[in-house]
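See structure below.
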Amino acid sequence: MDAEYAIECRGITKTFGTVKANDGIDLNARFGEILALLGENGSGKTTLMNILSGIYHPDSGSVHVSGKALHINSPSDAIGLGIGMIHQHFKLVEIMSAMDNIILGAKDKLQKPSSLKRKILDLCDLYGLKIDPEKKIYQMSVSERQTVEILKVLYRNARILILDEPTAVLTPQETTGLFLILRKMKEKGCCVIIITHKLNEVLEISDRVTILRKGKSVATVLTAETNEARLAESMVGRAVNLSIKRPLVERGKPALEVKNLTSLEPDGRKSLSNLNFTLYSGEMLGVAGIAGSGQKALCETLTGLSKAHAGEIAYEGVNCMGKSAAEISKLGVRLAFVPEDRLGMGLVGSMGIADNMLLKTYKSGKGAFINRKPAIRQAERIIESLDIQTPGVDAPIRMLSGGNIQKVLLGREIESRPKVLIVAYPVRGLDINTSYAIYDLLNEQKRNKTAIIFCGEDIDVLLEISDRIMVLSDGRITGIESAASLTKEDVGLMMAGMDFRDKVQA
Amino acid sequence: MDYFLSFIAAVILAGTPILFGTVGEIINEKAGNLNLGVEGMMALGACAGFMAGYLLGNPALAIAASFLAGAAGALIYAVLTVTFMANQTVVGLTLTIFGVGFSNFTGEYMLTHSANNTLKIPENVMRALGGLNIQGLSALPIAGKILFSYNIFVYLGIAVAIIAGYYLKRTKIGLSVRAIGENPAAADAAGIKVAPLKYLNIVVGGGICGIGGAYASIITCGGVWMSNSVNGLGWIAVALVIFASWNPIKAILGSYVFGAFSILKYYVPKSYIPAPNAFYDMLPFLVTALILVIASIRDSKENSQPAGCGINYFREER
């Protein structure tokens, strides 16, 4: 009866253990329409889309495709129904060429590489995509990989496209390019569903928005009739203030001086190439760049986790070049690092908060035995001051939510009253509220005259919170500018390796 | 010259059982399953192949039985690891212990029930499985000996390796299998049926290992039952997979190189190098260890172990 809908979900429910990831979700989308699915992390967006693409089975509820109620039992069923999913973490075989990945699992006969290549290039022309079909995936940039994923879906003649957080890994320019492609698909009568938590993107690309909150579909509105504040309110459940503070702190002494810093990958490639910058106490330096442009290498070299190849690193005049993390700390440098991989590098998931505190301090204890009492007191202090939700100081922290885990990590690092604090993607995977709590914590450190390096992926946030922005591209610094003087487009150009001042001529 | 020719011939004969094991294991690992039960599957094949030859007196049935026994062992492994997601390493090791034990047990049982405490395969079977004698060709100088003088297993092994290479590299199903081995989630998302293809590869690979076992029990032991006839060949095969960089064609060469090491003691005159026999017995394993070290230094994405190898795939994992 609802033949006008390309895809319709009625009352989808899915539970994982005791968590209701989806709780009676209704959603529908038409052909020739771009629907945005908006929600915070953990609101059930990805679960819902995985149900549509046959990866999960719903516990109850029904899925209708072109008006027919169907059971999608596997990804191949979904493909057969013309549903193509582009996952947030690409599902590509790294060692194979783009071509092999595109035909992988497709139902048609094996064809000659030359005719297949032409077919792929024709498809590219039709939608304005660019790709080298014979390039191996592991040699590709993130946006090239995404193009392969899109081609995979188009090659199978999918008419319903689902994209899970497609812009998370793209520069602003690449995002614009992607949106052009999506609009073209819409013109050709495809139904496009885009999952995102970025409000501005929703407004830019979609026709309608369905908002999820805590596993429930709370509203579906026409994009033209809404705005950022209203979307945020229904996403979070109450009015939120979306502006990020940038407290003005007088710039202090140089806390970190980096000169000609170069570091190499194991294969000899330069991960950092001739970096020069100075970080002052009381300053927040935002580091922007496409994923893999050297942010990780920068953090790990500065903290002594990996060895620099050449150059100088000096914390308040103390030369730390070539020193390990333990040696740097022995030199009396108060340096703290919040890595992006919280449970991998930062904390031990199966230990409680108290034991995780001990990881940083046990060396200063005397004798062979550890004294847990100070750690327990410290844990309690952090739980109290950062409002961490936990059953107790000994509850394994992997059971906590992402936001609480991040608070534990940040709390522990701040407890050492660092002079330099390096944070990598501190709000990745956190909901809006917790993200703002983290921003506040960082700003508070800045007021305490801590020098902060903030590696981030959301350029809007970086522009708002940082004093200066340093942009990395392919291991080089393409610009260090005052954040107030930059626009998002400037940063995007620098991320792509260009000098943003060139755009006037371009 | 003659001495050298007979060395070459002996090398190829010694390498053949390893070749079967290696190709079987490559097919397993390409589908993402590290099956350490090669030794066990070879032992099962050794036992079944020998007994079929002994009891039924038919060479073709002996080879078929060894394939089926290896495949049956592999099926146990596949059920446990693919369907029940058991740890691949543990299941593989268990399969080895089971296979070797079962084979020796059956052999002992048959021995105690045999006429004069020996089990001997009938002469006609041994003749059929013996060296070729093609009119004209086998009598050629040099070429006759090193190309046309072997038993049927040798040619079967090379054929199986070439077919396996073609299957993995050039066919559509082979592409799907490689994708599963590299990234089962990607294969699944592309609509490939992961579990059935894993089963197929594990079982067929196991069967191929089984034929290698039959070679050890029938040819190497000269048609007389001996316990532990496989005796570590399966482990060498597991290491050879790495040496061959997961390529069945390269496995042909690799197996013969290892075959050479295992028979060196008969061909290096004691007067030249006065090394004890035990040293030569150790050689293949020493080289295996060296190869594992060298292979771990080699750093090529495309010629290395499939990325998903050893990890069970569960679609709904979060």
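Quick look at the values:
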item: Output for region A:102-116, where each listed residue is more than 8 Å from every other protein chain (Cβ to nearest Cβ) and in a helix (DSSP H, G or I); result: A:Ile102, A:Pro113, A:Ser114, A:Ser115, A:Leu116
item: Filtered residue count, region B:193-213, keeping only those that are among the small types (Gly, Ala, Ser) and within 9 Å of chain A (Cβ to nearest Cβ); result: 0
item: Failed condition for B:Leu147, given (1) open to solvent by 50 Å² or more (accessible area, probe 1.4 Å); (2) farther than 30 Å from B:Leu5 by Cβ; result: (2)
item: Qualifying residue in region B:305-317 (condition: assigned to a helix (DSSP H, G or I), in contact with a helix residue (DSSP H, G or I) (Cβ under 6 Å, 6 or more places away or on another chain) and open to solvent by 20 Å² or more (accessible area, probe 1.4 Å)); result: no
item: Residue in region B:99-116 that is aromatic (Phe, Trp, Tyr), assigned to a helix (DSSP H, G or I) and touching a residue at least 40 places away in the same chain (Cβ under 8 Å) present; result: yes
item: Residue match in region B:174-192 (condition: in a helix (DSSP H, G or I), more than 10 Å from chain A (Cβ to nearest Cβ) and of a type in the set (Ser, Thr, Tyr)); result: no
item: Options A:Ala255, A:Ala219, A:Ala239, A:Ala229; residue that is open to solvent by less than 40 Å² (accessible area, probe 1.4 Å), out of contact with any Cys (no Cβ under 9 Å at 6 or more places or on another chain) and free of Cβ contacts under 8 Å to residues at least 24 places away in the same chain; result: A:Ala219
item: Exclusive hit being within 26 Å of A:Leu331 (Cβ to Cβ) and of a type in the set (Val, Ile, Thr), set A:Ile414, A:Ile405, A:Ile432; result: A:Ile414
item: Which numbered condition B:Val224 misses (of (1) at pLDDT below 95; (2) touching a helix residue (DSSP H, G or I) at 6+ places or on another chain (Cβ under 8 Å)); result: (2)
item: Positions within region A:75-101 being part of a loop (DSSP other than H, G, I, E, B), more than 8 Å from every other protein chain (Cβ to nearest Cβ) and open to solvent by less than 40 Å² (accessible area, probe 1.4 Å), in sequence order; result: A:Gly82
item: Unmet requirement for A:Val461, which otherwise passes all of (1) in a helix (DSSP H, G or I); (2) closer than 15 Å to A:Ser281 by Cβ; result: (2)
item: Any chance A:Lys449 is at pLDDT below 90, farther than 23 Å from A:Ala379 by Cβ and surrounded by fewer than 20 Cβ atoms within 10 Å (Cβ to Cβ); result: no
item: Where A:Glu134 falls short, out of the listed (1) in a helix (DSSP H, G or I); (2) within 14 Å of chain B (Cβ to nearest Cβ); result: (1)
item: Filter result (buried (at least 21 other Cβ atoms within 10 Å of the Cβ) and within 21 Å of B:Gly308 (Cβ to Cβ)) within region A:55-74; result: A:Ile55, A:Tyr56
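The values are calculated or read from the model by the stated rules, or taken from the named source; none is laboratory data. Small disclaimer: the values here were computed from a predicted structure and weren't measured. Every residue, glycine as well, gets a Cβ built from its backbone with ideal geometry; the counts of neighbours run over all protein chains shown. Side chains included, ligands, DNA and RNA excluded: accessible areas come from the protein's heavy atoms. Shrake-Rupley method; radii C 1.70, N 1.55, O 1.52, S 1.80 Å.
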